[in-house]
Structures are given as C-alpha cells and as structure tokens.
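The values are calculated or read from the model by the stated rules, or taken from the named source; none is laboratory data. Since we're looking at a predicted model, the values are computed, not measured. Cβ placement follows ideal geometry from the backbone for every residue including glycine, while neighbour counts extend to all protein chains displayed.
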Amino acid sequence: MRTFAFCALMLLASACATTPQEPSRPKVTNYEAKGNLQSFAPLGCVGIADLSNRNTPADITPAVRKCIDAGDYVRAADMFAVAGVYGRFDMLRVSDTTAHQALIVLQMNSYGDLEQKQKDAFQGVMKTQFEAGSATFLGLCDRIKRLGPPDYHPVYMLQHGMSAFTGGGGLKSDFDPAAAWASALDGYLHCPK
C-alpha cells in the first residue's frame, strides 16, 4: 500500500511539475494526380435528355449543385441518379479499389456545404423521384437506360486512386460492359430489368 501511495504521489508531482506542451501536428501534404476528379465537359442545370453517355460523374455532379442552387430539385435528382449509376459502372470497371471513392468525393465537394433547407428540399424530391414502382421512378429508369452505358474513359476515377502514383491499375481486363451496366442500374438505383 505504501508503494502504491508513493508511486501515485510521484506521478502527481511529476504531472504538476511539467509544463503542457503543444501537441505536435504532423505535416500533411496532399498530392493530386492530373485529371483527378476533373470534368472535361462541364454542364449547367440540364435534364437527362441534354446529357450524353460521354458525360462523366465529374461533369454531372457539379451540375446537380447548379440545379439545387437554382431550386430545380427535379433535374437535380435526375442528374444525381445518372451520376450515381455511371459512378457505379466505373467502379465495376476500374481495377484500383482506392479510386472507387471518386464519386463520394465528388458528391462531398458538390453538396457538402448545402444549407439545411436545400438538403431538406432535395431529399424530399429524391424520395418522391426514387419511390420504387412509381411511374416517376420507372420513367427515370427508362430515360437512364435510353441514355445508355458510359462511353468515356474514366480518367476522373483512374487519377483519383493510388495507382495514379504507383502505376498499374487501369481498367479490368475481364470487364463485361453489358453485365456491369445491368449491375449499375440494379445495384445503385434498383431499376427493374
């Protein structure tokens, strides 16, 4: 018991005798590969009919924000769906799994600072637009299917991953575009087949 009291007293004394040090902050360096999350064909607030299958999520996601800022939540929700389906398709074909977060980062960059009233309005419209089985939802799925699978090289995603710095990566050699398109429609938006 005496040893414990002595150790506790010494610990307390040493804690009181030391001056608090400012915690050291590690230096953080952010490296970005050329083309990371880059849009090569920026868009305004447009409808699905004005998109092409050459528009990437990096083109579409900032345009969703333009629609939100303009109060056009229906177009915003439609384009959000296209960007999500295309992003899922790209995840299925890009071999570097560290690059797969590109869509999430694009969304955070574009929507992360929305005002609460914008978030509420956007979520409310998305809830209506994406209601499974509704005529609105089935129409959205049909318009995205007519737009077709992506017809671009997913530079925005490829340059987001570690393989942009280490080499390798790229597209999967055994990639099946038809199966990936069906999987993206089903897995992201849950469109009926």
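Quick grid of which residues meet (1) more than 24 Å from R54 (Cα to Cα); (2) among the polar types (S, T, N, Q); (3) touching a strand residue (DSSP E or B) at 6+ places or on another chain (Cβ under 6 Å):
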position: M79; (1), (2), (3): no, no, no
position: V85; (1), (2), (3): no, no, no
position: D90; (1), (2), (3): no, no, no
position: V94; (1), (2), (3): no, no, no
position: A99; (1), (2), (3): no, no, no
position: D120; (1), (2), (3): yes, no, no
position: V125; (1), (2), (3): yes, no, no
position: T128; (1), (2), (3): yes, yes, no
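From the list M108, M91, pick out the single residue that is free of Cβ contacts under 8 Å to residues at least 12 places away in the same chain, under 26 Å from T166 (Cβ atoms), assigned to a helix (DSSP H, G or I) and of a type outside the set (G, A, S). Write out each step before concluding.
Working: M91 fails: free of Cβ contacts under 8 Å to residues at least 12 places away in the same chain.
M108 is the lone residue from the list that is free of Cβ contacts under 8 Å to residues at least 12 places away in the same chain, under 26 Å from T166 (Cβ atoms), assigned to a helix (DSSP H, G or I) and of a type outside the set (G, A, S).
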Quiz item: Quick check: is even one residue across the range 138-156 under 20 Å from A180 (Cβ atoms), among the basic types (K, R) and assigned to a loop (DSSP other than H, G, I, E, B)?
Solution: no
Self-check item: In the range 141-187, the residues that are at pLDDT below 85 and hydroxyl-bearing (S, T, Y)
Solution: S163, T166
Exercise. Could you pull out the residue among L103, L114 that is assigned to a loop (DSSP other than H, G, I, E, B) and under 20 Å from the mean Cα position of the chain (by Cα)?
Key: L114
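Find the residue count for the range 141-152, including only residues that are closer than 19 Å to D59 by Cβ and surrounded by 14 or more Cβ atoms within 10 Å (Cβ to Cβ).
Our first condition is that a residue be closer than 19 Å to D59 by Cβ; within the range 141-152, this holds for 143-144, 146-152.
Then drop every residue that is not surrounded by 14 or more Cβ atoms within 10 Å (Cβ to Cβ), which leaves 143-144, 147, 149-150, 152.
Result for the range 141-152: 6.
If the requirement is being surrounded by 13 or more Cβ atoms within 10 Å (Cβ to Cβ) and acidic (D, E), which of these qualifies: D176, D96?
D96
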Quiz item: small (G, A, S) and farther than 25 Å from D174 by Cβ: does that describe S95?
Solution: no
Quiz item: What is the residue count in the range 35-61 for residues that are assigned to a helix (DSSP H, G or I), farther than 15 Å from V155 by Cβ and free of Cβ contacts under 8 Å to residues at least 40 places away in the same chain?
Solution: 1
